[in-house]
Amino acid sequence: MTDLLEQLRAAVGDAHVLTDPEDVAAYVVDWTGVHTGRALAVVRPGSTDEVAAVVRACRGARAPIVPQGGNTGLVGGGVPDGSGSQVVLSLGRMRTVRAVDPVAGTVTVDAGVVLADVQAAAEAAGRLFPMSLGSEGSCTIGGNLATNAGGTAVLRYGMTRELVLGLEVVLPDGRVWDGLRGLRKDNTGYDLTQLFVGSEGTLGVITGAVLRLFPATPRHATAWVAVPDVAAAVALLAVAQERAGAHLTTFEIANRQALDLVLAHLPGAVDPLDEPSDWYVLVELAATEADHGLDDTLEAVLGEAVETGLATDAAIAGSRAQRSALWSLREGISEVQKVEGATLKHDVTLPIADLAAWTDAMGPRLQQILPGVRPVTYGHVGDGNLHYNLNAPVGRDDDLRAAAAQLSTAIYDAVAAADGSISAEHGLGRTKAAAAASYKSDVEVDLMWAVKRALDPEGLMSPGVLVPD
């Protein structure tokens, strides 16, 4: 592979082809610390032309490529396998905001632009890019697009695929498809943009995107609400949708176990309510400067909820600092789980009407498999997405690891029985590719493979990711 390394250095410069173990270390392990691999090299191109040159060189040497954005994934999709033969193609140097058009409502960016920087560019133009994730300070737009990321504003604005108008992609043969068109309407063929969204690097390397912008929403009304159970949370969602309409932006859920972890491990975290509850929801309304009455609307929603028994208590943010404190309780959950010990993560979607019955049945079933296992449940009631994570019984990390396969199978079987999905917004990566295929029909798997073989006949793009070997 010496010749390949020389070609890669010629393409991007010596300083941007990393082979020293210390330099490579951060690129071959994912955010969870669970998925670790070995790389032939990490290559850091600075432009689309350099990405294309890298892909052509790797294709000539038949070296597999693993595109990587901010490396904040949770399912091993952005790290190499253990063979030491794969080239990690990091887009981290491609961080240019190419154009902002506030009239058309678009922003055009390199794939390596950090999500928070896209939000900032939109804000500077008086507009809003609504995608919001806990990792927004480090995840990149290319990774968001490749995994069709979700987040806390999906209820109002939709998944990533609903926020993108056009893409620029380097194909597996090194050609560049320039689809950077900010058109709302284009019925001239297959929707190639949507083909690459959610493809997890298996069909090409996303290098640029045209994204949708929206009117800024500087007004917010936010509350942390205690609810007796998931059924009450679902019923409260319906009340909030009816009373708040399009202003309802966020409707998150968390169980008491999740809040307890945050209170124990997140510096400065404070329980905003006097009495504990089994479940909580974070509700937020958002509006433009021209819209008034958000606080009154939220108070009306919560008043009805208390009167009908859907809520037992609530804390309404009265300032930006209080709003930030409430959000920290929700956004801190994923981070503090790492501190608590061994964790088994699941990212599932269910029909909203089935959320309560599913969670009620799932808890006892898992206790039968591993007594003392601690479900840390949180997510997005508004779109049916639960992060149904499991922490080990106290002091028994090895027991969780030993029972992991059985626990995950029980969860996936129950999701499939409810016509849900085993991956809502994290993608499949290496971790879930085989499992997802086992729950899909032969026809669906065949169609996925037909697309993969058509664009990447040599199987060099992210092998083992999304579609199983």
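The values are calculated or read from the model by the stated rules, or taken from the named source; none is laboratory data. This is a predicted model, so every value here is computed, not measured. Note: ideal-geometry Cβ built from the backbone for every residue, glycine included; neighbour counts use all protein chains shown. Accessible surface is based on the protein model in full, side chains and every heavy atom, while ligands, DNA and RNA are left aside. Shrake-Rupley method; radii C 1.70, N 1.55, O 1.52, S 1.80 Å.
Quick notes on this one:
- Modelled spin labels at Asp173 and Thr188, positioned 7 Å past Cα toward Cβ, are 2.1 nm from each other.
- Projected area averaged over orientations for region 1-91, convex hull of C-alpha atoms, nm²: 5.2
- For the chain, relative contact order (Cα pairs under 8 Å, six or more residues apart, normalised by length) works out to 15 percent.
- Farthest positive-ward along region 24-130 dipole, Cα basis, beta-carbon charges - from Pro67, Gly84, Val43: Gly84
- Between Glu162 and Leu195, the contour length at 0.36 nm per residue exceeds the alpha carbon distance by 10.6 nm.
- Alpha carbon Rg of the chain, scaled by the compact-globule rule 2.2 N^0.38 Å: 0.99
- Charge dipole (region 160-306, unit charges on Cβ, about Cα centre) - positive-most of Phe214, Val197, Ala290: Val197
- With a cut-off of 11 Å between beta carbons, the residues surrounding Thr106 carry a summed charge of +4, where Lys and Arg count +1 and Asp and Glu -1.
- Straightening the chain between Asp260 and Ala435 buys 59.9 nm, computed as 0.36 nm per residue apart minus the Cα-Cα spacing.
- Scalar couplings 3J(HN,Hα) for region 406-412, obtained by applying the Karplus form with A = 6.51, B = -1.76, C = 1.60 to θ = phi - 60°, are 5, 5, 5, 4, 4, 5, 5 Hz; x denotes Gly and Pro.
- Rounded to the nearest 10 Å², the accessible area of Ile253 at probe 1.4 Å: 10
- Local electrostatic count, Val306, Cβ distance below 12 Å [Lys/Arg +1, Asp/Glu -1]: -4
- With the convex hull drawn around the C-alpha atoms of region 145-258, the volume per residue stands at 161 Å³.
- Region 416-469: GluC sites (Glu not before Pro) falling in loop per DSSP and having at most 13 other Cβ within 10 Å: Glu458
- Region 308-448: proportion of alpha-carbon pairs further apart than 25 angstrom, %: 36
- Backbone N under 18 Å from the Lys338 label point (7 Å along Cα→Cβ), restricted to region 134-171: 134-140, 144
- Counted residue by residue at 0.36 nm each, then reduced by the alpha carbon distance between them, the extension gain from Asp354 to Leu273 reaches 26.4 nm.
- When the charge dipole of the chain is built from unit charges on Cβ atoms (+1 for Lys and Arg, -1 for Asp and Glu) and taken about the Cα centre, the candidate among Val230, Ser421, Ile369 whose Cα reaches farthest toward its positive end is Ser421.
- Ranking by accessible area, most exposed first, for Ser47, Ser277 with a 1.4 Å probe: Ser47, Ser277
- Solvent exposure, largest accessible area first (probe 1.4 Å, DNA, RNA and ligands not counted), of Lys432, Lys338: Lys338, Lys432
- Between helix 2-12 and the chain: long-axis angle, C-alpha atoms, 0 to 90°, nearest 10: 70
- Region 343-358 - phi-based ³J(HN,Hα) in whole Hz, Karplus 6.51/-1.76/1.60, Gly and Pro as x: 9, 10, 9, 9, 10, 10, 10, 9, x, 3, 5, 9, 4, 5, 5, 5
- What the phi angles of region 418-433 give under the Karplus curve with 6.51, -1.76 and 1.60, with θ = phi - 60°, is a coupling list of 9, 6, x, 10, 7, 9, 8, 8, 8, x, 9, x, 7, 5, 10, 4 Hz, glycine and proline written as x.
- Label separation (Asp3 vs Gln241): 6.0 nm, computed from points 7 Å beyond Cα along the C-beta direction.
- Each 5 Å bin from zero holds the following percent of Cα-Cα pairs in region 231-352: 2, 10, 19, 22, 20, 15, 9, 3, 1, 0.
- Taken about its Cα centre, the chain carries a charge dipole of roughly 1080 debye when the Cβ of each Lys and Arg holds +1 and the Cβ of each Asp and Glu holds -1.
- Inter-probe distance in nm under a simple model that places probes 7 Å from Cα toward Cβ, at Asp419 and Arg98: 4.1
- Spatially close lysines, pair count over the chain: Cα under 18 Å, gap of eight or more or interchain: 4
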